[in-house]
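What follows is a short report on a single structure.
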Amino acid sequence: MNKTVSPKTNSKFSLEWILLIIVAAVVYAAGIAHESFWYDEAYSAVIASYLPWQIPAQIMVDNHPPLYYMLLSLVRMVLGNSELALRSLSAAGAVGLVALGAGPVRRIFGNRNAILYAVVVLSTPAILIYAHEARMYTLAICAVTAGALYGYLAVVENRTRDWVLFGVFTLAAAYLHYYGLIAACFMHAIIFLWLVFKRRGQLKPYLIVGTAVFLVYLPWLIVFIRQTLSAHKAFWLGPLSWDGIKVAFLQPFAYKEQFPALTFTEFLSDVTLSQYLAFALAAILFIVGLVFAWQKSTDRDARFGRFAFLAYLGVVVSTILVSLIFLPLFFSRYLLVVSGLFLLLVSLGMGKLPGKYLPWIAAFLFVVINSFTIKDIYTRFYNHPMRQLVEKLDGAVQPGDLIITTDAYSLGPSFYYWPQADHYHKNNPIEAGWGDVLNPLVPPLHYEKDLPELLAAHHSFWYITCSSGASLSIYDVVPGAQSWMKQGAPVRVLEPDSPVYFWAQKYVQNE
């Protein structure tokens with residue numbers, strides 16, 4: 001039976017949700033520029049500097065679809081290129097994820113359980129982390145979650161608006177992230193089979209929507225296949241391991257991931273008791289939600305629980321199988337794209353706890369346990385600390401200065417924080433296998449053939465590098481480096497929670 005609310009109650013609920021959405025906006029806006037940009041964010045900034053219609057051609061060498069970068073380009077046109085401006089799109093995605101509670105979640109679960117859902121989302125550390133990153137994750141999570149919600153509502157209520165929104169959000173998910181594409185494929189497949197076996201009278205609206213989604217995605221399909229087949233070049237996509245799988249399930253409740261990904265044992269050494277407890281509580285509630293979903297075959301929210309679980313399971317199992325049989329595809333951070341489905345099942349289990357007060361007690365415990373991690377996200381530094389290096393150099397790097405880098409961790413942020421400098425990059429052997437991924441940075445990024453001219457035009461240069469272990473010695477980069485001498489001591493910055501530290505050394509020509 002569909003859950004309905006009276007007009008009077010609905011008005012009251014609207015005020016509650018307005019307040020919740022305001023709280024979400026404050027939570028995700030606070031501290032948005034706390035962390036320094038790291039390589040991936042700097043790459044986003046570079047791609048966003050192109051006009052939206054130029055972006056698809058620029059990211060053929062990337063491993064992501066174009067929609068996020070096109071939206072970020074529009075944001076950059078309006079708000080500028082600051083950290084706050086570029087991250088605002090991700091914060092909006094996180095607010096949108098919470099706001100789904102006021103619409104489709106409330107229609108399926110009822111108001112109380114929808115509020116529980118909003119509390120769960122607001123208290124999940126990974127949503128806050130990626131609300132503060134200029135990357136596509138919160139938008140992708142929101143699109144996948146919305147696609148599942150509206151797809152289910154389209155089947156059970158058969159409203160044109162829900163069918164349209166299902167198509168829009170699954171298409172957006174596919175164009176935001178390839179795990180979003182996988183999730184969209186499973187949602188479409190499940191709904192198609194559901195209609196074939198149970199509701200054949202509704203096949204026509206689905207076929208219209210499904211065909212439209214396929215046709216609009218078709219132009220990118222060839223690019224997707226090509227990028228997937230070259231995934232072996234992505235150094236972060238290593239061989240599948242139990243450690244990687246375990247880390248993936250802990251990721252929503254953990255601190256900022258260390259990059260490259262740690263082994264499970266190393267990961268656990270950095271995970272506090274509160275994060276173990278958060279994962280354990282979420283897992284218990286997830287199982288409660290699943291048990292309810294399979295026991296109550298006719299309940300509206302139980303049926304949604306089965307649908308969401310099957311879509312979530314499809315993504316997990318398919319990416320693991322492809323990684324085992326064909327090529328590496330499973331990555332812990334990518335699984336966050338479907339974490340909204342996981343959180344929906346957590347909130348479903350929370351809402352089905354017995355008694356009037358137990359669901360709220362569980363919600364309170366969920367908030368308290370995760371609050372320790374959330375506090376650290378606001379107060380500690382997990383990104384690579386390039387902004388701290390910029391501040392410590394205090395204007396020593398001037399417009400037109402030459403900056404030399406030999407690792408991507410140093411290149412990307414240097415490119416963002418010193419846009420007026422001349423940048424030269426020499427690939428190290430570890431990163432040389434990336435292929436053409438740095439092409440969108442050229443120009444103004446300079447490569448090997450430009451070095452003699454750059455050195456002739458500058459009487460000094462800065463060598464900026466980090467402790468990743470991939471960097472080259474300056475003597476392997478600059479011919480006749482002995483004719484250049486260090487000026488002053490190297491400037492170093494180190495943040496205890498960052499996986500790398502940076503240093504900058506100035507070299508001047510030895511007359």
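The values are calculated or read from the model by the stated rules, or taken from the named source; none is laboratory data. Model, not experiment: these values are computed from the prediction. Reconstructed Cβ throughout: ideal geometry from the backbone, glycine too, with neighbour counts over all protein chains shown.
For the reader, a short list of remarks on this structure follows.
- Matching option when the condition is among the polar types (S, T, N, Q) and more than 23 Å from Tyr130 (Cβ to Cβ), among Gln275, Gln295: Gln295
- Exactly one residue out of Phe292, Phe286, Phe372, Phe307 is under 22 Å from Phe249 (Cα atoms) and touching a Ser or Thr at 6+ places or on another chain (Cβ under 7 Å), and it is Phe372.
- Matching residues in the range 355-371 - criterion: being small (Gly, Ala, Ser) and part of a helix (DSSP H, G or I): Ala362, Ala363, Ser371
- Verdict on Pro65 being touching a helix residue (DSSP H, G or I) at 6+ places or on another chain (Cβ under 9 Å), assigned by TED's automatic domain parsing to the domain that holds Phe224, farther than 23 Å from Val346 by Cβ and of a type outside the set (Ser, Thr, Tyr): yes
- Within the range 233-277, considering residues that are aromatic (Phe, Trp, Tyr) and modelled with pLDDT under 65, the one surrounded by the most Cβ atoms within 10 Å (Cβ to Cβ): Phe267
- Looking across the range 33-82, just one residue is surrounded by fewer than 18 Cβ atoms within 10 Å (Cβ to Cβ), without any contact (Cβ under 8 Å) to a residue 24 or more places away in the chain and of a type in the set (Val, Ile, Thr), and that is Val78.
- Filtered residues of the range 388-404 (kept if among the polar types (S, T, N, Q) and within 26 Å of the chain's Cα centre (by Cα)): Gln388
- Selection status of Thr373, surrounded by 21 or more Cβ atoms within 10 Å (Cβ to Cβ) and not basic (Lys, Arg): yes
- Strands (runs of 3 or more DSSP E) enclosed by the range 420-511 - at least 2 residues per element that are over 30 Å from the mean Cα position of the chain (by Cα) and surrounded by 13 or more Cβ atoms within 10 Å (Cβ to Cβ): 460-466, 484-493, 502-509
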